[in-house]
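Structure record follows, encoded as structure tokens.
What follows is calculated from the coordinates using simple rules that are stated; it is not laboratory data. This is a predicted model, so every value here is computed, not measured. Every residue, glycine among them, receives a Cβ derived from its backbone with ideal geometry; neighbour counts consider all protein chains shown.
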Ligand SMILES: NC(=O)C1=CN([C@@H]2O[C@H](COP(=O)(O)OP(=O)(O)OC[C@H]3O[C@@H](n4cnc5c(N)ncnc54)[C@H](O)[C@@H]3O)[C@@H](O)[C@H]2O)C=CC1
Ligand SMILES: O=C(O)C(=O)COP(=O)(O)O
């Protein structure tokens with residue numbers, strides 16, 4: 001019987017790599033745009049390999065697969081897949097941890113620097129006044145006296161440090177699970193989350209979405225930050241309590257925020273954050289450029305080939 005390879009959803013320009021890989025195996029290949037659990041269940045029934053981007057892969061969805069099937073997350077975070085249920089059902093899950101580290105780090109860096117220079121705030125003033133002057137956006141701290149605080153010290157955070165280092169910033173970071181040697185080799189001071197809140201002038205989030213990390217950046221954290229701090233989130237929306245963030249932007253503790261991810265996504269039309277000139281929004285796009293998409297689709301397709309050949313997966317997460 002022919003093998004069956006299904007894409008549940010994606011935002012790519014084409015699926016040429018996947019199609020070629022399926023042809024190599026003379027497999028059935030279908031590409032869907034699943035929006036509901038029912039869509040996904042119907043699309044993947046009896047598949048051998050499932051590629052999933054953002055569609056939720058719940059226990060209910062997984063139950064239509066046979067033991068031995070493989071689910072490949074198009075991406076790094078796999079919080080949309082019920083890993084426990086997959087393991088119980090004998091289904092392997094893999095992600096692609098290394099396709100776009102540079103691209104996400106580029107996006108975080110490109111978001112953070114304009115906030116520190118208050119460029120979005122100046123730009124907004126031009127819509128209201130014909131006499132915009134230096135300093136109209138409040139105090140601006142020089143880069144060489146600015147402390148960057150990283151939440152998470154994994155692959156992307158390390159790449160952000162490399163990109164920001166030439167500007168002369170100092171770096172502090174919190175990561176309960178990362179080895180001290182990583183901090184030492186990068187010259188990053190290890191601190192607690194509490195200390196990071198108090199000392200950082202710019203905070204960039206790079207921790208995964210887990211049950212423990214929900215609203216890590218909430219009212220308590222934001223009550224401790226210095227007036228005029230900036231925040232960048234390219235990790236996962238669930239890390240930030242958006243109501244608490246809106247309050248902190250309103251009272252000036254947060255002078256600027258760049259949110260690539262929010263919970264929920266998309267950000268509701270009536271969210272106050274949409275109208276705030278200090279808040280820059282991008283649509284979960286930090287991973288998105290031509291280089292990273294090519295890597296992602298190629299590496300995911302190679303992983304699928306390994307699954308079909310019965311070989312050990314490169315990036316199995318369960
Ligand atoms: N916006 C986008 O397009 C993209 C977002 N991401 C997100 O970025 C996150 C980070 O990616 P990587 O750096 O590749 O992951 P990674 O797994 O290399 O690093 C994550 C680090 O966070 C640490 N961590 C976990 N809980 C923490 C906590 N409570 N406080 C501080 N640190 C904590 C871990 O110990 C680990 O060192 C991913 O989980 C993913 O959700 C990844 C790619 C694209
Ligand atoms: O999942 C995607 O394709 C992305 O948007 C980026 O995913 P990640 O954030 O890598 O888990």
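If you scan region 3-14, which residues turn out to be within 21 Å of residue 313 (Cα to Cα) and in a loop (DSSP other than H, G, I, E, B)?
Within region 3-14, 3, 8 meet the criteria.
Identify the residue in region 260-278 that is more than 16 Å from ligand 2 (Cβ to nearest atom) and touching a residue at least 60 places away in the same chain (Cβ under 8 Å) and, among all such residues, is farthest from residue 235 (Cα to Cα).
So the residue we want is 277.
Checking the condition within 30 Å of residue 156 (Cα to Cα) and crowded, with 23+ Cβ neighbours inside 10 Å, which residue from 101, 93, 61, 15 passes?
Within the list 101, 93, 61, 15, the selection yields 93.
Out of everything in region 169-181 that is within 12 Å of ligand 1 (Cβ to nearest atom) and out of contact with any helix residue (DSSP H, G or I) (no Cβ under 7 Å at 6 or more places or on another chain), what residue ends up being nearest to residue 141 (Cα to Cα)?
Top of the filtered list is 175.
Which strands (runs of 3 or more DSSP E) sit wholly inside region 137-246 and have at least 2 residues that are under 23 Å from the mean Cα position of the chain (by Cα) and within 16 Å of ligand 2 (Cβ to nearest atom)?
202-205, 229-233
Limited to region 17-63, what total is found for residues that are more than 25 Å from residue 264 (Cα to Cα) and touching a residue at least 40 places away in the same chain (Cβ under 8 Å)?
11
If a residue has to be without any contact (Cβ under 8 Å) to a residue 24 or more places away in the chain and out of contact with any strand residue (DSSP E or B) (no Cβ under 8 Å at 6 or more places or on another chain) to count, how many in region 177-211 make the cut?
Total satisfying the criteria: 6.
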